[in-house]
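Everything on this sheet refers to the single structure shown next.
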Amino acid sequence: MKKLTLIFILSFSTFVYSSMSYAAWKEHGKSSIGDTYYIDFDRIRKHDGYVYYWVLNDYLKPTKYGSLSSVSYFQGDCKLFRHKRLSGSYYEVPMGKGRPESVDTSKYDWDYPNPGSVGEYHLNSVCNH
């Protein structure tokens with residue numbers, strides 16, 4: 001019985017921690033410093049005038065906290081052309097793999113992406129999807 005319980009716990013934790021790695025990430029640009037951005041276009045949702053979408057960032061170099069990737073969930077407002085980060089996690093492994101470290105997104109509010117920025121490119125793409 002203990003063996004069966006251990007197998008269940010290991011299987012469940014692997015599923016939970018690696019679920020983002022099975023998303024249909026499509027490369028969606030690079031930053032000027034070489035970071036790569038991806039969007040999961042299959043999981044874009046529209047509801048009550050807003051668009052909801054996932055973005056994965058792969059960092060060329062580890063962040064000061066040792067992260068090599070992050071996954072964020074955004075709410076976009078296509079009419080006012082703004083977005084807000086609803087949730088996010090950082091990972092020590094590229095492509096959002098490994099154990100996630102959650103981000104406190106309560107401090108984030110609506111943001112208007114700068115012209116020519118990656119945020120503008122992402123929001124244009126998901127609004128026109």
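The values are calculated or read from the model by the stated rules, or taken from the named source; none is laboratory data. Computed from a predicted model, the values in this text were never measured in an experiment. Cβ coordinates were reconstructed from backbone atoms using ideal geometry, including for glycine residues, and neighbour counts include every protein chain displayed.
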Would you confirm whether any residue within segment 119-127 is within 17 Å of W25 (Cβ to Cβ) and more than 14 Å from the chain's Cα centre (by Cα)?
-> yes
Sole miss for K46 among (1) assigned to a strand (DSSP E or B); (2) in contact (Cβ under 8 Å) with a residue 24 or more places away in the chain is condition (2)
Mind checking whether some residue in segment 22-38 is in contact with a strand residue (DSSP E or B) (Cβ under 8 Å, 6 or more places away or on another chain), among the hydrophobic types (A, V, I, L, M, F, W, C) and at pLDDT below 90?
-> yes
Filter segment 71-109 for residues that are in a loop (DSSP other than H, G, I, E, B) and of a type in the set (D, E); which is nearest to I44 (Cα to Cα)?
-> D109
Does segment 110-129 hold any residues that are assigned to a loop (DSSP other than H, G, I, E, B) and touching a Lys or Arg at 6+ places or on another chain (Cβ under 8 Å), and which are they?
-> W110, Y112, P113
Just give me the residues in segment 62-116 being in contact (Cβ under 8 Å) with a residue 60 or more places away in the chain and on the phi > 0 side of the Ramachandran plot, in sequence order.
-> M95, G96, G98
Restricting segment 88-111 to residues that are more than 17 Å from Y38 (Cβ to Cβ) and either of a type in the set (D, E, K, R) or in contact with an Asp or Glu (Cβ under 9 Å, 6 or more places away or on another chain) (or both), the residue that is surrounded by the most Cβ atoms within 10 Å (Cβ to Cβ) = E92
